[in-house]
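For reference, the structure is listed below as structure tokens.
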Amino acid sequence: MHSILKFWSVAFLACCVFPAFSGAPARAGGKCVALTFDDGPHPTLTPKLLSILAQEHVHATFYVVGQRVAQWPGIVRRVYQQGNEIGNHSWSHPVLPKLSTARIKAEIAKTDEAVRRATGVIPATVRPPYGSISPRVRAAIGRRQIVMWDTDTLDWRYHDSKRIARVADRTRSGGMVLMHDIHPRTVAAVGGIIEYLKSRGFSFVTVSQLYRGGCGSGGGEA
Ligand code: NI
């Protein structure tokens, strides 16, 4: 019991107080990074982003909002079919710790179902909106991996492609870069970010590949 309590408090500190320390597991070798795009799908920007990723032969992870998945399932299908990973970012993007346990579970389950209908698969990981979590939220989500990030581009605030790219360029190997595919400036910055990271020797993996230590084991560019 004591060690369980200790685990939860460490887990809470890791994800809520120090999100930078919660994202990246150990890596197997080689330099790699996981680009993540939250809050979509967006009816025009997500397809535009997909074209850039395809052109660059890069796979990313999309933390989708369930009610948007229900609205644009075809786009989510395309995201998945292109080799990207889909993660669960809740149904309506609330601050989960403020909800009842039943509502938290519904937020996650409805999104799982929308993604399953669109792609045939259920997301392997969950990213809570705003990175906001509590021991109760963690318990409601269950055993699934909860994923934060370690490089926040703050793209929602700056809306400036060059600035977004500068922040993303500070990433380190095994890192996760947080972006949002609902802002035109972010999509405009992505090509430059990818080119720069490639020039520094990075390959690109999805979040699940990163957690499997897939930096050097075929999980990179494809
Ligand atoms: Ni979000």
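The values are calculated or read from the model by the stated rules, or taken from the named source; none is laboratory data. Small disclaimer: the values here were computed from a predicted structure and weren't measured. A quick note on method: Cβ atoms are made from the backbone with ideal geometry, for glycine too, and the neighbour counts reach across all protein chains shown. Surface areas here come from the heavy atoms of the whole protein model, side chains and all, with no ligands, DNA or RNA. Shrake-Rupley method; radii C 1.70, N 1.55, O 1.52, S 1.80 Å.
Taking region 52-84 as the range and being buried (at least 17 other Cβ atoms within 10 Å of the Cβ), away from the ligand (no atom under 16 Å from the Cβ), touching a residue at least 60 places away in the same chain (Cβ under 8 Å) and not in a helix (DSSP H, G or I) as the test, the residues that pass are 58, 59, 84.
State yes or no: is residue 132 of a type in the set (S, T, N, Q), over 24 Å from residue 189 (Cα atoms) and within 16 Å of the ligand (Cβ to nearest atom)? Here the answer is yes, as residue 132 does meet what is asked. For residue 147, the criteria (1) within 16 Å of the ligand (Cβ to nearest atom); (2) open to solvent by 60 Å² or more (accessible area, probe 1.4 Å); (3) under 17 Å from the mean Cα position of the chain (by Cα) hold in every case but one, which is (2). Being open to solvent by 20 Å² or more (accessible area, probe 1.4 Å) and within 16 Å of the ligand (Cβ to nearest atom) is not true of residue 161.
Residue-by-condition table, conditions (1) part of a loop (DSSP other than H, G, I, E, B); (2) touching a Ser or Thr at 6+ places or on another chain (Cβ under 9 Å); (3) not charged (D, E, K, R):
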residue	(1), (2), (3)
133	yes, no, yes
165	no, yes, yes
179	no, yes, yes
185	no, yes, no
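Scanning region 85-119 for residues that are in a loop (DSSP other than H, G, I, E, B) and out of contact with any Phe, Trp or Tyr (no Cβ under 7 Å at 6 or more places or on another chain) gives 90, 91, 92, 93, 94, 99, 100. The conditions of being open to solvent by 30 Å² or more (accessible area, probe 1.4 Å), assigned to a loop (DSSP other than H, G, I, E, B) and modelled with pLDDT of 95 or more are met by residue 122.
Give region 190-204 a look and list any residue that's open to solvent by less than 30 Å² (accessible area, probe 1.4 Å) and farther than 15 Å from residue 40 by Cβ, or say none.
Result: 191, 193, 194, 197, 202, 203, 204.
Just so you know, in region 174-189 the residues that are surrounded by fewer than 23 Cβ atoms within 10 Å (Cβ to Cβ) and touching a Phe, Trp or Tyr at 6+ places or on another chain (Cβ under 7 Å) include one that is farthest from residue 87 (Cα to Cα), and it is 183.
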